[in-house]
1. Identify, from the list 188, 206, the residue that is free of Cβ contacts under 8 Å to residues at least 12 places away in the same chain and out of contact with any helix residue (DSSP H, G or I) (no Cβ under 8 Å at 6 or more places or on another chain).
2. Sort out which residues of the range 214-228 are touching a residue at least 12 places away in the same chain (Cβ under 8 Å) and within 20 Å of residue 4 (Cα to Cα), and write them in order of number.
3. Quick one: is residue 122 crowded, with 17+ Cβ neighbours inside 10 Å, closer than 21 Å to residue 72 by Cβ, in contact (Cβ under 8 Å) with a residue 24 or more places away in the chain and out of contact with any helix residue (DSSP H, G or I) (no Cβ under 9 Å at 6 or more places or on another chain)?
4. Evaluate the following for residue 292: is it farther than 14 Å from residue 228 by Cβ, touching a strand residue (DSSP E or B) at 6+ places or on another chain (Cβ under 8 Å) and part of a loop (DSSP other than H, G, I, E, B)?
5. State whether the residues of the range 237-251 include one that is touching a residue at least 24 places away in the same chain (Cβ under 8 Å), part of a helix (DSSP H, G or I), more than 18 Å from residue 5 (Cβ to Cβ) and under 20 Å from the mean Cα position of the chain (by Cα).
6. Please find, among 15, 85, 128, the residue that is out of contact with any helix residue (DSSP H, G or I) (no Cβ under 7 Å at 6 or more places or on another chain) and surrounded by 16 or more Cβ atoms within 10 Å (Cβ to Cβ).
7. Mind listing whichever residues of the range 183-206 are over 21 Å from the mean Cα position of the chain (by Cα) and on the phi < 0 side of the Ramachandran plot?
8. Assess whether residue 278 counts as being surrounded by fewer than 19 Cβ atoms within 10 Å (Cβ to Cβ), at pLDDT 95 or above and part of a loop (DSSP other than H, G, I, E, B).
């Protein structure tokens with residue numbers, strides 16, 4: 001598998017956002033400023049709570065199919081490769097890793113099979129679009145830690161997806177969870193979220209390598225990044241951490257991550273987190289403390305690393 005020089009695009013985009021001219025300009029800038037060759041379109045369906053069984057992927061909280069297809073076509077005109085990543089978030093703010101149900105069915109309680117039926121419908125919808133638009137890869141889930149023990153349901157979901165999509169399939173497990181997925185043999189590519197602390201990358205890469213080696217499959221970090229915030233390089237997964245704006249901290253995170261992973265030939269790339277569909281004005285980059293890199297010191301680090309690959 002070729003090295004993936006990717007960026008996650010459009011997270012949180014709502015109906016109409018991809019129709020705005022600013023969104024296409026943002027995608028153009030993403031490629032130009034970061035030297036990315038892959039765009040990951042991350043979609044965010046809703047379910048009411050972590051214990052609800054209906055995944056809602058139609059409505060104003062999602063870009064429309066027409067918008068997505070139009071943006072994919074534009075990405076192709078920029079010579080970008082395509083991944084589609086349908087995810088789901090509980091509307092009450094609980095992280096999707098906590099979606100969970102009883103392992104033994106109980107009358108009058110929500111059940112795993114009900115949730116997986118709805119979630120599979122959601123994945124199949126976008127798998128058909130991925131097939132229609134020849135997307136290179138489909139990411140069928142992201143950081144759904146409590147669901148991962150449901151091995152048979154995940155295996156069946158992936159087999160169902162293969163009935164409508166013939167590209168590469170991966171699942172994006174969460175940081176530290178690489179060893180908890182018993183069904184890696186079912187996917188084509190293994191991936192996880194690389195939110196590891198500054199200075200700990202070698203330890204984590206040693207651990208991950210031992211886990212994935214028996215499967216003999218390509219591996220990449222489907223997410224990785226760090227806010228430009230004081231203290232964030234120690235807990236890069238914590239988007240809510242309080243701290244002063246610190247571009248240098250974000251830059252150092254990227255320098256360390258790229259330095260350590262470049263020495264491991266089994267790490268086949270990144271889907272960095274993240275590039276917004278609607279960008280802040282570049283002149284205001286030094287006022288943003290989020291994961292974005294547009295106009296920040298880390299942007300140059302990423303561009304130079306991707307250009308070297």
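1. 206
2. The first filter runs over the range 214-228 and keeps only residues touching a residue at least 12 places away in the same chain (Cβ under 8 Å), leaving 215, 217-228.
Passing the criteria: 215, 217, 218, 219, 220, 221, 222, 223, 224, 225, 226.
3. yes
4. On the way: farther than 14 Å from residue 228 by Cβ: no; touching a strand residue (DSSP E or B) at 6+ places or on another chain (Cβ under 8 Å): yes; part of a loop (DSSP other than H, G, I, E, B): yes.
Taking the combined requirement at face value, the residue does not satisfy it.
5. So far as the range 237-251 goes, yes, one or more of its residues are touching a residue at least 24 places away in the same chain (Cβ under 8 Å), part of a helix (DSSP H, G or I), more than 18 Å from residue 5 (Cβ to Cβ) and under 20 Å from the mean Cα position of the chain (by Cα).
6. Values: 15 fails: surrounded by 16 or more Cβ atoms within 10 Å (Cβ to Cβ); 128 fails: surrounded by 16 or more Cβ atoms within 10 Å (Cβ to Cβ).
Only one candidate qualifies: 85.
7. Keep residues of the range 183-206 that are over 21 Å from the mean Cα position of the chain (by Cα), which gives 199-200, 202-203, 206.
Scanning the range 183-206 gives 200, 202, 203, 206.
8. On the way: surrounded by fewer than 19 Cβ atoms within 10 Å (Cβ to Cβ): yes; at pLDDT 95 or above: yes; part of a loop (DSSP other than H, G, I, E, B): yes.
Yes: the conditions hold for residue 278.
The values are calculated or read from the model by the stated rules, or taken from the named source; none is laboratory data. Everything numeric here is computed off the predicted structure, so don't read it as measured data. When we count neighbours, we look across all protein chains shown, and the Cβ atoms used for this are built from the backbone with ideal geometry, even at glycine.
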